[in-house]
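Visitor: This structure is in structure tokens; I'll ask about it shortly.
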Amino acid sequence: MKRHRIMSVVGARPQFVKLAPLSPRLREIGEERIVHSGQHYDYEMSRLFFEELEIPDPDRHLAIGSGTHAEQLGRMLAAMEEELVVHRPDVLVVFGDTNTTLGAALAAAKLGVPIAHVEAGVRGFNRHEPEETNRVLTDRLSAWCLVPTEAAVGHLAREGITEGVHRVGDVMVDALRRARAGDASADDRVRAMGVEPGGYALATFHRPANVDEEAPLTAIVEALAALPMPIVCPVHPRTRARLEAFGLAHALEAAPGVHLSPPVGYLTMLALLGGARLLLTDSGGLQKEAYILDVPCITVSMQTAWEETVASGWNRLVPPDAAAIAAAADGFAGGATHPDVYGDGHAAEAIRDVLGASV
Ligand code: UD1
């Protein structure tokens, strides 16, 4: 049987999580080359994930680093073109909705390399979010749209994309099940953050719309400081920089019951989420993980790409406003039903089968 040449491209934190369950499956049908764009580069944002999730070391590191969107995409295009010309894969696998995703897909499309998009068809319906542009364009360029949900199939159909669409389920369910099953020290991880399992809220914020301007970030800090329970906040580097620039870091650090930390790895994040009474976030991935783990979620945004979590009553969308966040949190214990919309934890095998049959 022919061994396919597969190139997987990752670069930002959520993509490492999605690659983890898929990489071993791809290696069953071909030779996988892993390319790391370097969009995330701090130890806690990158290397830690490879170690914890036992992802093979990247074969190539493009070191695109931080910058404006144009700078990141420009560097990505040039570096990926060179990489693709030298290695000529039969398929390029990209994940999710970051600048790494679109940069790799665009470079491949220009060279006629077929693209498989993991987490295709997802839409937040806000064209001002950079992720939405990345999603729409990557799907348009892809030969295989590997779709997590029924809703995502519908979004693609409305954009005229019906060929090469495969509903495979969500690889984040695969990743989460694997990691939780293998982690006996979840409660210790929670206690190490200074709180007791079941007795705190978890909060993470990093979206430019919430953290880059002073008004929304101030409102979020006020809401967190006023929450009537202990709260754990792993702080993204982007948010850390803005908290300091706006003089808000001290207020948050000094608030009683607020436990700030640097970004945490995947296992600690899942342990923290599993033990939380409530999640407050603007992360797309965490909204979905909260749903899978039955944790009520408040999303500080008026849009979400994970509409199923809102429809079932487990996720409340609120603006960055302290009173609105407090009202949403008051007595919130989740939805009445919990449909299994994100698949059964076998998405990676389904992707292997789709690509194995058609590359
Ligand atoms: C990116 C993705 C977003 C995803 C998020 C997960 C895009 C457009 N956005 O947002 O969809 O949800 O990753 O975290 O691709 N920085 C560091 N160390 C790092 C990485 C970043 O200090 O290891 C700082 C940089 O100075 C940069 C800022 O964080 O200014 C933001 O990083 P960037 O990669 O631009 O986007 P994210 O906000 O992480």
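Visitor: Quick one: order CYS145, CYS297, CYS233 by neighbouring beta-carbon count within 10 Å, fewest to most.
Guide: Going from sparsest to densest Cβ surroundings: CYS233, CYS145, CYS297.
Visitor: Give, rounded to the nearest 20 debye, the magnitude of the charge dipole that the range 286-357 has about its Cα centre when Lys and Arg contribute +1 at Cβ and Asp and Glu contribute -1 at Cβ.
Guide: With only Lys, Arg, Asp and Glu charged at Cβ, the dipole is about 160 debye.
Visitor: Still on this structure, please answer the following. Suppose each label sits 7 Å from its Cα in the direction of the beta carbon; what would the VAL85-ALA241 distance come out to in nanometres?
Guide: If labels sit at VAL85 and ALA241, their model points lie 3.1 nm apart.
Visitor: Over the chain, with a Gaussian network built from C-alpha contacts below 10 Å, which listed residue (ASP90, ASP340, ASP282) shows the highest mean-square fluctuation?
Guide: ASP340
Visitor: State the Cα centre-to-centre distance between the range 225-287 and the range 130-158 in whole Å.
Guide: A separation of 30 Å, based on Cα centres.
Visitor: Still on this model: I need the shape label for the range 154-245. Rule: rounded when a/c is under 1.5, else prolate if a/b > b/c, else oblate, with a, b, c from the alpha carbon gyration tensor.
Guide: Cα axes put the range 154-245 in the oblate bin.
Visitor: Between ALA357 and ASP42, what is 0.36 nm times their sequence separation minus the Cα-Cα distance? Round to one decimal in nm.
Guide: Taking 0.36 nm per residue and subtracting the Cα distance, the gain is 109.6 nm.
Visitor: Of the listed peptides 115-122, 288-295, what is their order by residue-averaged count of other C-beta atoms within 10 Å, with the highest listed first?
Guide: For the peptides 115-122, 288-295, the packing ranking is 115-122, 288-295.
Visitor: Quick check: from the Cα gyration tensor, does the chain come out rounded (a/c under 1.5), prolate or oblate?
Guide: Prolate shape, in that a/c is at least 1.5 and a/b is the bigger ratio.
Visitor: I would also like to ask the following. Using only Cα atoms, find the angle between the long axis of helix 171-181 and the longest principal axis of the chain, and express it within 0 to 90 degrees, rounded to the nearest 10.
Guide: Approximately 60 degrees, to the nearest 10.
Visitor: Distance from the Cα centre of the range 162-183 to that of the range 291-327, in angstrom?
Guide: 22
Visitor: 7 Å from Cα along Cα→Cβ at both ASP330 and ARG5: what's the point-to-point distance in nm?
Guide: 6.2
Visitor: In debye to the nearest 20, how big a dipole does the chain give about its Cα centre with +1 on each Lys and Arg Cβ and -1 on each Asp and Glu Cβ?
Guide: Dipole of the chain, to the nearest 20 debye: 580 debye.
Visitor: In addition: When the dipole is taken about the Cα centre of the range 1-53, and only Lys, Arg (+1) and Asp, Glu (-1) are charged at their Cβ, what size is it in debye, to the nearest 20?
Guide: With only Lys, Arg, Asp and Glu charged at Cβ, the dipole is about 380 debye.
Visitor: I've got another one for you. Let me know the shape class of the range 1-155, please: from the alpha-carbon gyration tensor, a ≥ b ≥ c as square roots of the eigenvalues, rounded when a/c is under 1.5, otherwise prolate if a/b is greater than b/c, or oblate.
Guide: Cα axes put the range 1-155 in the rounded bin.
Visitor: What order do you get for 260-269, 35-44 when each peptide is scored by the mean count of other beta carbon atoms within 10 Å, highest first?
Guide: Those peptides, ordered most packed to least, come out 35-44, 260-269.
Visitor: Using only Cα atoms, locate the centre of the range 90-113 and the centre of the range 9-73, then give the distance between them in Å, rounded to an integer.
Guide: After rounding, the separation between the Cα centres reads 13 Å.
Visitor: Along the charge dipole of the range 258-318, Cβ charges K/R +1 and D/E -1, which of VAL258, THR309, SER283 sits furthest on the positive end?
Guide: Of the listed residues, the answer is VAL258.
Every number here is computed from the coordinates shown, using simple stated rules; none is lab data. Predicted, not measured: the structure shown is a model, and the values here were computed from it. Positions of Cβ are generated from backbone atoms using ideal geometry, with glycine treated the same way; all protein chains shown enter the neighbour counts.
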